[in-house]
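Okay, structure first, notes after.
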Amino acid sequence: MAVRVDKLERDMTKIVGKDHVFADKATMTVYAQDALFFDIEEHNLPYAVVRPSGAEEVSRILKYANEKLMPVHIHGAASSIAGHARPKTNCILLDLKRMNKVQVFPERGYFEAEAGARVWEVRKVLAQYSAMLPIFVGSEPIATIGGVVSVNTSAHVIDAAFGKPADFVLGLKVVLPTGEVLDTGTQSTRRPAGVELTKLFTGAEGLLGVVTDIRMRLIPLPDVEHIVAYYKTEDDVLDTVKEMYRQRIPAPLFFEFLDRKSAKVGFEAVGLKDLHASVAMMSIHCWSKVGVREKANSFIEFLEGGNPVNVKVVDNEEEWNKIWSSRSEAGNFLNRLGTSWVCEVTPRVDKLKDAYHEAEALISNMESYKSPENYTFGHIGAPTIHAHCFIPTKEISNEVRKAITIEFMEKMEGVNVKYGGCGGEWGLTALRVPFLKKKYGEVYYRLLVNLKKTLDPNNILDRGNLEGWI
Ligand SMILES: Cc1cc2nc3c(=O)[nH]c(=O)nc-3n(C[C@H](O)[C@H](O)[C@H](O)COP(=O)(O)OP(=O)(O)OC[C@H]3O[C@@H](n4cnc5c(N)ncnc54)[C@H](O)[C@@H]3O)c2cc1C
């Protein structure tokens, strides 16, 4: 049935006000775009973008959508890399960024944030209370707290050190796909035992409800010491990570890595001398200045037992900022030189080296583009390998970009399946549905489909993401 966009605009205006509804082609095109590196198509364009002010308006929009059987796509900042954020059908697109209030309650031990608050803003507010947000996505200036909680990613933070958002979220307000509003969890710092729905919605990737409000435990800001270690080969770094787990060395907050080629690009871009080495950088945390120094010293002792060329504590803030930027901006630096697409491989720790080299070999043997180069970096201590398929030009057709994305994703997921990995950061649906089925099997997938049907009988929310999209 044809959708009357003018009528939809009028109906949405009654709910959110005329300043918060858009339906012009230019705005729809911008909102349909996500971080994937091939173009959107006509069927990805929303009918209208609607910017609600809170749970009550979200609820009215979803009740309307159910009445009209119209899909609704939830939009945080659309920075998702695995295709979640790109609408798969024409739809109402819910932009949550008006919902951006952050309130800290130190006397209760938690803070509350509306879903559209940017991660960066949440961190700034928490810092005023000497509290930390244990989530460090590379997209922090744009990504929303609702987006990262809905994907349940901790990103740069090593799971073994701090856990994932699901370990810190005390409660949520969720608008179900049918429009009912649900409060989960607790206002106590003691999380409920037993069957508890907070965890169901944390990491639900927008399939089961719209998260509008998030309550998270306050974590005191730790003291931190930074370490950089240089290695002759990438294998030396991979062996070090394996040993860290085998010897049960407490995991640092961050343990990042650049292979030799990426280190050259990154170091030169930030004005550091290229040392022709593979670089590992760590941040050690502890809640006392003396304690953190001791922990850093014993971590250095552990590193020296491996095979580094050089290891040191970096006290100088300017130097650390440069070293850190060489890694955190590595993707951007690479994209200045050409075009790259990235994968996420999270193998079993004891298979890290095998998975790493298989990822490299896959890039050399790509069929959709002959002999691209490989640049690898990532949150190696987690472990996450972000291997990049790099082409030294920006002149690549849309068809080739799409073919590279699909081939690379499929082949990399084979490495994840082979070596016991999961969707450690980017989630498991949208482009990753074939992987989800391969990894967990049809019974698991059917369970998810049935769960979705129970909560979303008309398949309103993020339609297409669970069906899989390639
Ligand atoms: C340069 C760059 C660096 C990145 N670095 C990292 C990294 O280090 N680690 C990492 O894990 N990821 C990284 N990402 C990916 C991305 O930033 C994260 O996945 C982030 O969690 C997405 O947040 P978002 O607000 O953009 O959500 P979106 O991309 O808008 O949404 C993601 C999914 O969640 C759903 N959703 C969003 N908000 C809600 C809500 N309130 N309720 C229910 N569902 C919702 C959406 O519908 C979608 O399905 C990076 C991306 C870029 C572009």
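Details
- Charge dipole (debye, nearest 20) of the chain; +1 at Cβ of Lys and Arg, -1 at Cβ of Asp and Glu: 960 debye
- The residues packed around Lys273, meaning those with a beta-carbon under 12 Å from its beta-carbon, carry a net charge of -1 if Lys and Arg are +1 and Asp and Glu are -1.
- Helix 289-304 axis versus longest C-alpha principal axis of the chain: approximately 70°, rounded to the nearest ten.
- Spin-label model distance (nm) - Glu196 vs Val400, 7 Å beyond Cα toward Cβ: 5.1 nm
- Charge dipole (the range 22-178, unit charges on Cβ, about Cα centre) - positive-most of Val122, Phe105, Phe168: Phe105
- Positive dipole terminus of the chain, leading residue within Ser328, Leu253, Leu94 (C-beta point charges): Leu94
- The range 1-79-the range 448-468 distance, computed between alpha-carbon centres (Å): 18 Å
- Prolate/oblate/rounded label for the range 1-144 (Cα gyration tensor, a/c 1.5): oblate
- Backbone geometry of the range 417-432 corresponds, through the Karplus equation with coefficients 6.51, -1.76 and 1.60 at θ = phi - 60°, to 3J(HN,Hα) couplings of 5, 4, 10, x, x, 9, x, x, 9, 9, x, 10, 10, 6, 4, 9 Hz, x marking Gly and Pro.
- The helix-based estimate of mean residue ellipticity at 222 nm for the chain, built from -39,500 (n - 2.57) per DSSP H run of four or more residues and divided by its residue count, is -11500 deg cm²/dmol to the nearest 500.
- Packing-based ranking, highest mean first, of 315-321, 26-32, 159-165 given that Cβ atoms within 10 Å are counted: 159-165, 26-32, 315-321
- Anisotropy class of the range 322-373 from Cα gyration tensor, a/c 1.5 cut: oblate
- Prolate/oblate/rounded call for the range 99-216, Cα gyration tensor, a/c under 1.5 rounded: rounded
- A simple rule links phi to the HN-Hα coupling: the Karplus curve 6.51 cos²θ - 1.76 cosθ + 1.60 with θ = phi - 60°, which for the range 229-240 gives 9, 10, 10, 5, 10, 5, 4, 4, 5, 5, 4, 5 Hz, with x for Gly and Pro.
- Label separation (Lys273 vs Thr29): 4.9 nm, computed from points 7 Å beyond Cα along the C-beta direction.
- Take the convex hull of the alpha carbons in the range 277-335; its mean projected area over all directions comes to 4.9 nm².
- Across the options Asn44, Ser262, Val181, the greatest Cα extent toward the positive end of the charge dipole of the chain (unit charges at beta carbon of Lys, Arg, Asp, Glu) belongs to Val181.
- Each Lys and Arg adds +1 at its Cβ and each Asp and Glu adds -1 at its Cβ; summed about the Cα centre, the range 223-418 shows a dipole of about 80 debye.
- Split the chain at each of the trypsin sites (Lys or Arg not before Pro) in a DSSP loop with at most 11 other beta carbon atoms within 10 Å, and the longest piece is 5-189.
- The charge dipole of the range 1-221, taken about its Cα centre with unit charges on the Cβ of Lys, Arg, Asp and Glu (plus for the first two, minus for the last two), comes to roughly 340 debye.
Here, each number is a calculation from the coordinates, and none is a lab measurement. Note that this is a predicted model, so its numbers are computed, not measured. All Cβ positions, glycine included, derive from the backbone under ideal geometry; neighbour counts span all protein chains shown.
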